[in-house]
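Participant: I have a structure here, written as structure tokens, and I will follow up with some questions on it.
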Amino acid sequence: MYCLHVVGARPNFMKAAPLIRALAPRPSIRQKVLHTGQHYDRPMSDVFFQELGIPQPDFNLAVGSGTHAQQTSCIMLRFEQIVVSEKPNLIIVYGDVNSTLAAALVCSKLHLPVAHVEAGLRSFDRTMPEEINRLLTDQMADLLFTPPRTPIKISFEKGFPGNAFILSAT
């Protein structure tokens with residue numbers, strides 16, 4: 001199985017590190033890391049790869065700064081080329097940043113399976129861009145990995161897709 005981890009911002013790096021380490025000793029799983037470049041300077045990016053022991057990215061989209069629309073669309077355009085070429089079996093996205101939404105949207109349109117790590121969290125404040133990213137990513141994901149003690153019942157009531165498989169840490 002070929003898993004492609006999509007990270008782009010500081011919170012993603014911290015969530016991806018333990019999963020990448022956990023999957024590393026499994027010979028049946030090949031992993032690659034794609035960095036969108038949403039956070040791109042040393043203190044917001046490189047240092048986390050070093051300190052958390054995350055392998056250097058196999059791909060770096062280098063999208064940089066911009067409005068939410070600019071960042072998201074740039075990631076989508078560049079990410080689509082890679083997933084079409086690479087054909088991963090599973091794309092793993094993390095958290096609620098623009099990189100997460102952009103990758104999930106591309107995968108949804110291409111019918112590629114997506115796992116969302118940190119699914120189900122809600123602020124219920126739709127003025128926050130992260131809340132919109134969370135809601136939409138959860139709708140498109142096939143596997144939803146929720147943090148411990150996430151109120152999954154509330155998430156179901158708020159419209160998790162019926163075909164998604166939900167895993168919750170305890």
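Participant: Please compute one quarter of the surface area of the Cα convex hull for segment 90-148 and express it in square nanometres.
Facilitator: 3.6 nm²
Participant: Normalise the Debye intensity by I(0) for segment 32-124, one equal point scatterer per Cα, no solvent, then take log10 at q = 0.23 Å⁻¹ and round to two decimals.
Facilitator: The computed values of log10 I(q)/I(0) come out as -1.33.
Participant: Quote the FRET efficiency, to the nearest 0.05, computed for Arg26 versus Ser73 with a Förster distance R0 of 30 Å and r equal to the Cβ-Cβ distance.
Facilitator: 0.30
Participant: Another question about this same structure. Considering only protein heavy atoms, with the full assembly of protein chains and a 1.4 angstrom probe, order Glu80, Glu51, Glu131 by accessible area, largest first.
Facilitator: Glu51, Glu80, Glu131
Participant: Considering only Leu101, Ile54, Pro129, whose Cα is most displaced toward the positive end of the charge dipole of segment 1-143, charges sitting on Cβ of Lys, Arg (+1) and Asp, Glu (-1)?
Facilitator: Working it through, the farthest residue towards the positive pole turns out to be Ile54.
The values are calculated or read from the model by the stated rules, or taken from the named source; none is laboratory data. This structure is a prediction, so every number in the text was calculated from the model and none was measured. A quick note on method: Cβ atoms are made from the backbone with ideal geometry, for glycine too, and the neighbour counts reach across all protein chains shown. Note: accessible area is taken over every heavy atom of the protein model, side chains too, but ligands, DNA and RNA are not part of it. Shrake-Rupley method; radii C 1.70, N 1.55, O 1.52, S 1.80 Å.
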